Structure formats: structure tokens, C-alpha cells
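Student: Have a look at this one before I ask anything.
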Amino acid sequence: MSTTKTDQEWREKLSPEQYAVLRGKGTEPPFTGRFVHTKDDGTYRCAACGAELFSSETKFDSGSGWPSFTEPKNSANVELHEDRSHGMVRTEVTCKSCGGHLGHVFDDGPGPAGKRFCINSCALDLDTSTQ
């Protein structure tokens, strides 16, 4: 599944904040996102295209100011890319379906893989009808 839209179509579909993050690779300010402290059960989906990304079962409080997950629900739905912006070397996380920027993954998380997927709230929708 691949979602292709023009820039104008993305601007019409997404809020200005979502557009800045998902299409412009921006970052929402820490501790401001709607899912930072959410503990509801469900599946986190891409706010741009609806792809299934993360499960609430892998969400944890990292103290970073963004929703954090130990792993994707389905790794086939995310892509990892080297990001050398802002004078740093990081690993960017994008939605494989639409290419939307989700956040970054770091090697300081809990769990067996030791990963922390640090994801912008505005890049996500929470589907509480699934787990």
C-alpha cells in the first residue's frame, strides 16, 4: 500500500502542525502532544494515511516529552533513514506507506532491543477499537 498525494492535497488533508511534522520533518515541542501521557489501549496509526504503526502495549514513559515505543507493531510499515540534520547523526522514522516523518529512534530504550521510538503525537492517531 502506498499513498501518493500532491503537496496541495497534503496541505488540505493535514492540520498546519501535522503538515509541518509529517511533510516538513518538523518536531512538535516536548510535552505538548496529545499522546505524551495517554495510557489508553489501542493501535497508533499514521495521521496522514492510517497505516498501523505502534501498539499501546509497547508504549512507555521515556520522560523525553514525546510518545515513546519499544518497537513498531509491524516493522514493515516503518522505514529508518540516516538523518544528519541539525548537526547530529540520528535515525529518522518514517511511515513506509506515505513517507511521512514520524520521529526518530534511539538506542536508549528498555526491552530486549533497547530501542526508543520517539514519535510526534501529531503524526499519530489512536485507534482504540484495536489492540
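Student: Within 10 Å of each candidate Cβ there may be at most 14 other Cβ atoms; applying that plus a DSSP loop requirement, which chymotrypsin sites (Phe, Trp or Tyr not before Pro) in segment 1-70 survive?
Tutor: Here the chymotrypsin sites (Phe, Trp or Tyr not before Pro) that fit, given the DSSP loop and packing criteria, are F31.
Student: Could you please report the charge total around T38, scoring K, R as +1 and D, E as -1 over all other residues with beta-carbon less than 15 angstrom from its beta-carbon?
Tutor: -3
Student: Ok, one more. What is the distance in Å between the Cα centroid of segment 26-46 and that of segment 52-129?
Tutor: When both Cα centres are located, 11 Å separates them.
Student: While we're here: Normalised radius of gyration for the chain, please: alpha carbon Rg relative to 2.2 N^0.38 Å, two decimal places.
Tutor: 0.97
Student: Right, another one. Among V105, V36, V89, which one shows the highest mean-square fluctuation when the chain is modelled as a Gaussian network with alpha-carbon springs under 10 Å?
Tutor: Fluctuation is largest for V89.
Student: To continue, here is another question. Quick check for me: using +1 on Lys/Arg Cβ and -1 on Asp/Glu Cβ, what's the dipole size of the chain about its Cα centre, in debye to the nearest 20?
Tutor: Its charge dipole is roughly 160 debye.
Student: Now a separate question. Let me have the 222 nm mean residue ellipticity of the chain computed from DSSP H runs of 4+ only, each contributing -39500 (n - 2.57), with the sum over all residues rounded to the nearest 500.
Tutor: It lands at -1500 deg cm²/dmol.
Student: Evaluate the relative contact order of the chain (contact order divided by residue number), counting alpha-carbon pairs under 8 angstrom at least 6 apart; express in whole percent.
Tutor: 29
Student: Extending each Cα 7 Å along its Cβ direction at K39 and N74, get the distance between those two points in nm, one decimal.
Tutor: Roughly 2.9 nm, to one decimal.
Student: Label-point separation (nm) for F31 and E17, each offset 7 Å from Cα along Cα-to-Cβ?
Tutor: In this crude spin-label approximation the distance works out to 1.6 nm.
Student: Longest segment of the chain with no trypsin sites (Lys or Arg not before Pro) in a DSSP loop having at most 11 other Cβ atoms within 10 Å?
Tutor: 85-131
Just so you know, all these numbers are worked out from the coordinates, no wet-lab data involved. These figures come from a predicted structure and were not determined experimentally. For neighbour counting, all protein chains shown are included, and Cβ atoms are generated from backbone atoms with ideal geometry for every residue, glycine included.
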